[in-house]
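A.B. asks: This is the structure, below, for whatever I ask next.
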């Protein structure tokens, strides 16, 4: 009976030993796989993108690039930062994030509000931008042809070649009048009348006309009955 108990104990001990060896082998294998070979992360700061890829390949690691605008200090396609940091211990075949300066140049949006269209076009060209859509609106507070607002705020950064839309003033609404019949009237009196109404006769042509004293209106433009405002071109022909 004692021999059977001893034999059973030996068998149980052998089985337990095999289980312990198996557990230790599995634990060692998993630990080795989890730990893996480690290398020092290369210093990629300031390197061109292609050079950074070459350095990473030598170490057996992969790169994940994140492109952004980091200011005009860095050349396009240059590594400006990385994670993990240089000389940090990393596993072979692990991923290192690199932050890369955008290939497209960035520029600062100029102040366009209160400037004329011509001035805006010159400023946009200088900033390597272009004028986009233009919309016009009546505004008594802003002079005609001046910008009221712009689609991108002044001082913000945009990719070179981007378009900026403009909202432009048409000036305040002017009063309208019906063009009177001026033929045969004295030009001096007509000029005073028009000036009092905020109108201006911009073209006066003098022609010889037998039998009339000087300064009598012979022709007019626009014709009587037309609607006119301060924006209209008004002309008369008078005797001399």
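A.B. asks: If a residue must be within 23 Å of residue 173 (Cβ to Cβ) and in contact with a strand residue (DSSP E or B) (Cβ under 6 Å, 6 or more places away or on another chain), how many such residues does region 228-240 contain?
C.D. replies: 3
A.B. asks: I'd like to check which strands (runs of 3 or more DSSP E) are fully inside region 40-104 and have at least 3 residues that are closer than 28 Å to residue 156 by Cα.
C.D. replies: In region 40-104, the matching strands (runs of 3 or more DSSP E) lie at 62-68, 79-83, 95-101.
A.B. asks: Considering only region 154-165, I want to know if a residue exists there that is under 17 Å from residue 110 (Cα atoms), at pLDDT below 90 and buried (at least 16 other Cβ atoms within 10 Å of the Cβ).
C.D. replies: Yes - at least one qualifying residue is present in region 154-165.
A.B. asks: Identify, from the list 96, 178, 192, 147, the residue that is touching a helix residue (DSSP H, G or I) at 6+ places or on another chain (Cβ under 8 Å) and over 30 Å from residue 74 (Cα atoms).
C.D. replies: 147 is the lone residue from the list that is touching a helix residue (DSSP H, G or I) at 6+ places or on another chain (Cβ under 8 Å) and over 30 Å from residue 74 (Cα atoms).
A.B. asks: Residues that are without any contact (Cβ under 8 Å) to a residue 40 or more places away in the chain and within 43 Å of the chain's Cα centre (by Cα): find the strands (runs of 3 or more DSSP E) completely inside region 151-240 holding 2 or more of those.
C.D. replies: Result: 163-169.
The values are calculated or read from the model by the stated rules, or taken from the named source; none is laboratory data. What you see is a predicted model, and the numbers here were worked out from it, not measured in a lab. As a convention, Cβ positions derive from the backbone with ideal geometry for all residues, glycine included, and neighbour counts pool all protein chains shown.
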